[in-house]
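Only one structure is covered here, and it is reproduced in the block below.
The values are calculated or read from the model by the stated rules, or taken from the named source; none is laboratory data. Everything quoted here is computed from the prediction, not taken from an experiment. Cβ placement follows ideal geometry from the backbone for every residue including glycine, while neighbour counts extend to all protein chains displayed.
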Amino acid sequence: MDNNCAALDSIFHALADPTRRAVVQRLGRGPAAVSELARPFAMALPSFMKHVGILEETGLIRSTKVGRIRTCELERKNLKAVELWLGQQRAIWQSRYENLDGLLARLNGEDDET
């Protein structure tokens, strides 16, 4: 398995959790303090920080600390691997659907050339 596949695997693993997906979604609107990100979730801050840590390890977010405030920001460029993979899958399935449409048209006696 090459590094790109390993990175993609870790990103999908991180996004498999609904809490982490919600954090990524929220950070899509802009940077936020960890306390703000944690507010909607019924969990202790140390538990929430584990989610932040996983997102940081995969490179989906980065955080900086100024004084007592840790602010998180989305690393949009690292979502590119997911976007590229999904785009490839979309193209594959689009082609398959077009082939199926053609087959069904031939089976039903429809002529594609008219």
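One table, with the values for the structure above:
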| item | result |
| --- | --- |
| Selection status of Asn99, within 20 Å of Pro18 (Cα to Cα), modelled with pLDDT under 85 and surrounded by 10 or more Cβ atoms within 10 Å (Cβ to Cβ) | no |
| Flag if Leu79 is among the aliphatic types (A, V, I, L, M) and either closer than 23 Å to Ile11 by Cβ or touching a Pro at 6+ places or on another chain (Cβ under 9 Å) (or both) | yes |
| Hits in segment 39-75 (condition: closer than 18 Å to Phe12 by Cβ, touching a residue at least 40 places away in the same chain (Cβ under 8 Å) and surrounded by 16 or more Cβ atoms within 10 Å (Cβ to Cβ)) | Ile54, Leu55, Thr58, Gly59, Leu60, Leu74 |
